[in-house]
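Some notes on the structure that comes next.
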Amino acid sequence: MSNSLLTKNALARSLKELMGHLPLNKITVKHLVDDCGVNRQTFYYHFQDIFDLLGWIYRTEAVESIAQYRSYSTWTDGFYRIFCYIESNKAFCCNTLDSLGRTHLDAYLYEVTHDLVMGVINELAEGMNVGPADKQFIANFYTLAFTGLVIQWMQQGMKEQPKQIIGKLSVLIEGNFLKALHEYEKELS
């Protein structure tokens, strides 16, 4: 692992630890560099500000963990991994949700969910005459629905078990991706 990546990971670890007991808006670059034993210049060499670091954490830690679940037969596993990431990083994610950094959490959830849903839609649309804009519309709809569910779950204290939520979601979604694709295909014919 490169020195740059080691430094970024150390700063990320520090931010996550500090967010376990401090609101994000109370954490300063000085807190982070003191905790890591690096200087301010090192921090600013890698990140513009704390929000840039926050976004980097979401992009690097979780996005690659669901890449293998972008098919119709595995999408529920991909959604489950998103819930697991949030549960195992509860203080970090909930602190982000309640801060000015919320846009980074929203962007993370949207990115990983959209990537997963788009993989399913592309798989199901194989051989169909469905335009990219229609595929994008379907993916956007389901992505926004799922991210809304996750945010609500977090705001309500993460009480419901992720497997139960995914089970309910599966009932709503099973067959509907394909039905929507067929409807859009009819419009093109």
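Numbers below:
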quantity: Within a Gaussian network of the chain (alpha carbon springs, distance under 10 Å), most fluctuating of Phe177, Phe47, Phe137; calculated: Phe137
quantity: Helix 162-173 vs. the chain, principal-axis angle (Cα, 0 to 90°, nearest 10); calculated: 30 degrees
quantity: Size of electric dipole in region 1-122: Cβ of Lys, Arg +1 and of Asp, Glu -1, about Cα centre, debye, nearest 20; calculated: 180 debye
quantity: Rounded tilt (10° steps) of 75-88 against the dominant C-alpha axis of the chain; calculated: 20 degrees
quantity: Pairwise Cα inverse-distance average, inverted: Kirkwood Rh of region 144-189 (Å); calculated: 12.4 Å
quantity: With all protein chains modelled, accessible area of Cys84 [1.4 Å, Å²]; calculated: 40 Å²
quantity: Dipole magnitude of region 73-189, debye to nearest 20 (Cβ charges: Lys/Arg +1, Asp/Glu -1, about Cα centre); calculated: 400 debye
quantity: Solvent-accessible area of Lys90 with every protein chain in place, 1.4 Å probe, in Å² to the nearest 10; calculated: 100 Å²
quantity: Options (1) 10.3; (2) 9.4; (3) 12.0 - which one matches mean projected area of the Cα convex hull in nm² as calculated here; calculated: (3)
quantity: Eligible lysines near Lys159 by straight Cα distance, threshold 19 Å, same-chain separation 8 or greater; calculated: Lys90, Lys168
quantity: Residue (of His31, Pro132, Tyr58) at the positive-pole extreme of the chain, dipole from beta-carbon charges; calculated: His31
quantity: Estimated [θ] at 222 nm from DSSP helical runs (n ≥ 4, -39500 (n - 2.57)) normalised by residues in the chain, nearest 500; calculated: -23500 deg cm²/dmol
quantity: Length released on extending from Asp98 to His46, taking residue separation times 0.36 nm less the Cα-Cα span; calculated: 16.2 nm
quantity: Spin-label model distance (nm) - Glu17 vs Ala91, 7 Å beyond Cα toward Cβ; calculated: 1.1 nm
quantity: 0 to 90° range, to nearest 10: angle between helix 176-188 axis and the chain longest Cα axis; calculated: 60 degrees
quantity: Cβ-placed point charges (K, R +1; D, E -1), dipole of region 39-93 about Cα centre in debye, nearest 20; calculated: 0 debye
quantity: With all protein chains modelled, accessible area of Phe92 [1.4 Å, Å²]; calculated: 10 Å²
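The values are calculated or read from the model by the stated rules, or taken from the named source; none is laboratory data. Everything quoted here is computed from the prediction, not taken from an experiment. Virtual Cβ from ideal backbone geometry, glycine too; neighbours counted across all protein chains shown. Just the protein is used for accessible areas: all its heavy atoms, side chains included, with ligands, DNA and RNA removed. Shrake-Rupley method; radii C 1.70, N 1.55, O 1.52, S 1.80 Å.
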